[in-house]
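The next block holds one structure in the form of structure tokens; read it before the comments.
The values are calculated or read from the model by the stated rules, or taken from the named source; none is laboratory data. The shown structure was predicted, so the numbers you read here are calculated from the model rather than taken from an experiment. So basically every Cβ, Gly included, is an ideal-geometry build from the backbone, and we count neighbours across all protein chains shown.
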Amino acid sequence: MHRIHRGISEYVSAVILAMIVLSAGALLFIYASSSYDRYYRDLEREILRSERELAQSIAVSFSYIDSSGYVVIAMTSSFFPVKILSIYIDNGLASCSITIGSNTYTLPGDQLVIPPRSIAIARCGPIAKDRASVKIVFEGGIIEVMAQKV
């Protein structure tokens, strides 16, 4: 009597094994590619955000304390809009009224963006000192100036 051996041929098993290996490799490649794309997009977004922040700059034209005790600061922006986050006087968060053209904003509170090549006048206080350290915090950094009573 002859025994019947049932099974698949060596060629068919090799093809099935090759298909399994190729599909696993394809899945691994797709996962690695999507991870790389996601990382690259996040990195590109962070670089653009940093460039935008570094492009923001302001210059303080003058700062003084007026006769009623308010600190007056004149700021000019560069070629890019500048987002002002807060103003500190002697390391304390100051309540300020800021005028840009005919619009008036308050800090803290309003989202304040100085347009490109514009002048903003801030009036903070009042304070009861003859000298004050003024720190302006904006998205591009921090600028510190001194103000004296006039």
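Things worth noting here:
Quick grid of which residues meet (1) not assigned by TED's automatic domain parsing to the domain that holds I119; (2) not polar (S, T, N, Q):
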position	(1), (2)
S35	yes, no
E44	yes, yes
E51	yes, yes
S63	no, no
G69	no, yes
T76	no, no
F79	no, yes
L85	no, yes
I89	no, yes
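- Test: residue in the range 83-92 that is polar (S, T, N, Q) and either part of a strand (DSSP E or B) or at positive phi (or both): yes
- Yes/no for I142 being out of contact with any helix residue (DSSP H, G or I) (no Cβ under 8 Å at 6 or more places or on another chain) and surrounded by 13 or more Cβ atoms within 10 Å (Cβ to Cβ): no
- Residue list for the range 116-137, restricted to those being not β-branched (V, I, T) and not in a loop (DSSP other than H, G, I, E, B): A120, A122, R123, C124, R131, A132, S133, K135
- Test: residue in the range 56-64 that is surrounded by 10 or more Cβ atoms within 10 Å (Cβ to Cβ), under 23 Å from the mean Cα position of the chain (by Cα) and hydroxyl-bearing (S, T, Y): yes
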